[in-house]
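Comments concern the structure below.
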Amino acid sequence: MLTRRHVIALSAAQAFAPHLFVREGRAQTPKADFPNKPVRLVVPVAAGGPTDIVARMLAEKLSTIWGQQVFIENKGGAGTNIGNEYAARSEPDGYTILFATSSLAVNASLYRSLSYDPIADFAPVSLVTQLAYFVFVPNSSPAHSIKELIDYAKSHPGKLTMASPGTGSAPFLAAMLFLQMADIEMTHVPYRGASPAFTDLIPGRVDCYFGSGTLLSYSRSGQVRVLATTGPKRDAAAPDVRTIAEAGVPGYDVTAWQALFVPARTPPDIVRKISADTNTALADPAIKDKLAKTGYVAEGSSPQQLEKLLTSEIAKWSAVIKSVGIKID
């Protein structure tokens with residue numbers, strides 16, 4: 001039998017029940033308003049280079065989609081490891097995103113030890129671009145083709161220099177694989193980013209540079225000479241430029257990529273939202289056209305597709321690095 005005290009207690013419980021339900025419902029979707037403050041996009045290379053340019057293009061579009069500022073934080077150095085570690089150690093709340101390059105896969109085998117794990121410490125979000133590189137030389141170079149560059153290097157062993165955005169960077173590996181397959185030698189000159197490396201190439205302070213299609217404007221304006229592209233086929237951004245494979249090194253093929261990752265343990269709902277909105281941004285015809293003109297292919301993906309790519313790329317570059325015989329302490 002219900003006493004007067006039981007009735008009062010039940011009435012009180014019913015009175016509070018709606019509030020308890022609301023609080024529980026809110027707890028289940030705590031990130032529905034993401035993002036509600038500025039978002040940091042960590043770019044693990046120096047400002048001004050091709051990777052930085054693409055990152056800023058994406059950041060601008062995401063800022064419009066989200067109604068929140070997406071700001072760039074350049075953390076260059078150590079073959080992208082400084083920026084990668086910085087992002088890996090950031091709060092896993094979605095407000096720090098890594099704009100990674102394919103060096104994330106390369107570094108897993110290139111360095112004897114890393115302060116982060118490219119798989120365990122990151123949650124994949126979305127692929128952003130895929131691209132081939134181009135081989136640039138200064139106008140003062142005696143080489144007007146890949147074959148002439150190879151022939152000159154063989155007749156002047158050790159004389160030529162090859163610049164890169166840093167030891168371990170994707171352009172560095174592309175160049176090193178070329179040297180190995182062409183059986184030639186060049187002295188490597190590492191820089192802290194693509195911009196300073198290319199700046200030294202123009203006046204001829206270095207002899208060769210593997211760079212992205214964002215630099216094609218310099219060859220079109222006559223400031224440098226482009227000899228070939230690293231991809232498996234001619235690039236839509238420069239269809240008259242031959243591939244390295246057809247120009248004298250059969251079987252050579254290097255295609256790089258850029259992608260978004262967040263720290264591991266970032267809530268899955270946030271990962272899915274960033275991925276979906278990134279794919280929306282990359283589907284914009286204006287973005288796709290801008291990227292295509294500089295040799296980049298806008299290539300969004302799901303988190304699962306990016307995870308598969310990262311795993312396969314780690315395996316691929318591990319084999320290449322072992323065959324080339326490169327290892328960095």
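Whenever a residue of the range 167-194 is farther than 18 Å from residue 102 by Cβ, its partners that are open to solvent by 40 Å² or more (accessible area, probe 1.4 Å) and in a helix (DSSP H, G or I), lying with C-beta atoms within less than 7 angstrom and at least six residues away or across chains, give the pairs 184/154. As a summary of the residue check, residue 19 satisfies the conditions (1) open to solvent by 20 Å² or more (accessible area, probe 1.4 Å); (2) at negative phi; (3) at pLDDT 90 or above except for the one numbered (3).
Only residues that are open to solvent by 80 Å² or more (accessible area, probe 1.4 Å), under 23 Å from the mean Cα position of the chain (by Cα) and of a type in the set (D, E, K, R) were counted in the range 230-245, giving 2.
Of 270, 274, all but one fail to be farther than 15 Å from residue 306 by Cβ, open to solvent by less than 10 Å² (accessible area, probe 1.4 Å), of a type in the set (Val, Ile, Thr) and touching a Gly at 6+ places or on another chain (Cβ under 8 Å); the exception is 270.
Just one of (1) in contact with a Ser or Thr (Cβ under 9 Å, 6 or more places away or on another chain); (2) not in a helix (DSSP H, G or I) fails for residue 104. It is (2).
Just name the residue that is surrounded by the fewest Cβ atoms within 10 Å (Cβ to Cβ) out of those in the range 280-329 that are in contact with a Lys or Arg (Cβ under 8 Å, 6 or more places away or on another chain), hydrophobic (A, V, I, L, M, F, W, C) and over 30 Å from residue 240 (Cβ atoms).
Of all residues in the range 280-329, those in contact with a Lys or Arg (Cβ under 8 Å, 6 or more places away or on another chain) come to 281-282, 284, 287, 298, 303, 321, 327-329.
Remaining after also requiring hydrophobic (A, V, I, L, M, F, W, C): 281-282, 287, 298, 321, 328.
Still in the list and also over 30 Å from residue 240 (Cβ atoms): 281, 321, 328.
Details: 281: 23, 321: 22, 328: 14.
The qualifying residue surrounded by the fewest Cβ atoms within 10 Å (Cβ to Cβ) is 328.
Flag: residue 248 does not match the condition of being closer than 25 Å to residue 45 by Cβ, crowded, with 18+ Cβ neighbours inside 10 Å and modelled with pLDDT under 95.
Results for (1) over 23 Å from residue 63 (Cα atoms); (2) of a type outside the set (Val, Ile, Thr); (3) modelled with pLDDT under 95, shown as yes or no for each residue.
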residue: 262; (1), (2), (3): no, no, no
residue: 270; (1), (2), (3): no, no, no
residue: 283; (1), (2), (3): no, yes, no
residue: 294; (1), (2), (3): no, no, yes
residue: 319; (1), (2), (3): yes, yes, yes
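Remark: pairs (first residue in the range 298-311, closer than 19 Å to residue 283 by Cβ; second residue among the basic types (Lys, Arg) and modelled with pLDDT of 95 or more; Cβ separation under 8 Å; 6+ apart in sequence or on different chains) = 303/272.
Going by the structure shown, is residue 178 crowded, with 24+ Cβ neighbours inside 10 Å and farther than 25 Å from residue 68 by Cβ?
Details: crowded, with 24+ Cβ neighbours inside 10 Å: yes; farther than 25 Å from residue 68 by Cβ: yes.
Considered against the rule, which asks whether it is crowded, with 24+ Cβ neighbours inside 10 Å and farther than 25 Å from residue 68 by Cβ, residue 178 comes out as yes.
Do any helices (runs of 4 or more DSSP H) lying entirely in the range 121-227 carry at least 2 residues that are modelled with pLDDT of 95 or more and under 22 Å from residue 44 (Cβ atoms), and which ones are they? Here the list reads 194-201. The residue of the range 195-209 that is surrounded by the fewest Cβ atoms within 10 Å (Cβ to Cβ), among those that are in contact (Cβ under 8 Å) with a residue 60 or more places away in the chain and over 12 Å from residue 161 (Cα atoms), is 203. Just a yes or no: is a residue in the range 237-255 in a loop (DSSP other than H, G, I, E, B) and touching a strand residue (DSSP E or B) at 6+ places or on another chain (Cβ under 6 Å)? Among the residues of the range 237-255, at least one is in a loop (DSSP other than H, G, I, E, B) and touching a strand residue (DSSP E or B) at 6+ places or on another chain (Cβ under 6 Å), which makes the answer yes.
The residues on offer are 219, 169, 164, and the sole one that is under 28 Å from residue 288 (Cα atoms), in contact with a His (Cβ under 8 Å, 6 or more places away or on another chain), small (Gly, Ala, Ser) and surrounded by 18 or more Cβ atoms within 10 Å (Cβ to Cβ) is 164. Scan the range 259-266 and tell me whether some residue there is out of contact with any Pro (no Cβ under 8 Å at 6 or more places or on another chain) and small (Gly, Ala, Ser). The answer is no; no qualifying residue exists. Scan the range 47-86 for residues that are in a loop (DSSP other than H, G, I, E, B), surrounded by fewer than 18 Cβ atoms within 10 Å (Cβ to Cβ) and at pLDDT 95 or above and the total you get is 3.
The values are calculated or read from the model by the stated rules, or taken from the named source; none is laboratory data. In this text, all values refer to a predicted model and were calculated from it rather than measured experimentally. Note: ideal-geometry Cβ built from the backbone for every residue, glycine included; neighbour counts use all protein chains shown. Quick note on the areas: whole protein, heavy atoms, side chains included, nothing else; ligands and nucleic acids left out. Shrake-Rupley method; radii C 1.70, N 1.55, O 1.52, S 1.80 Å.
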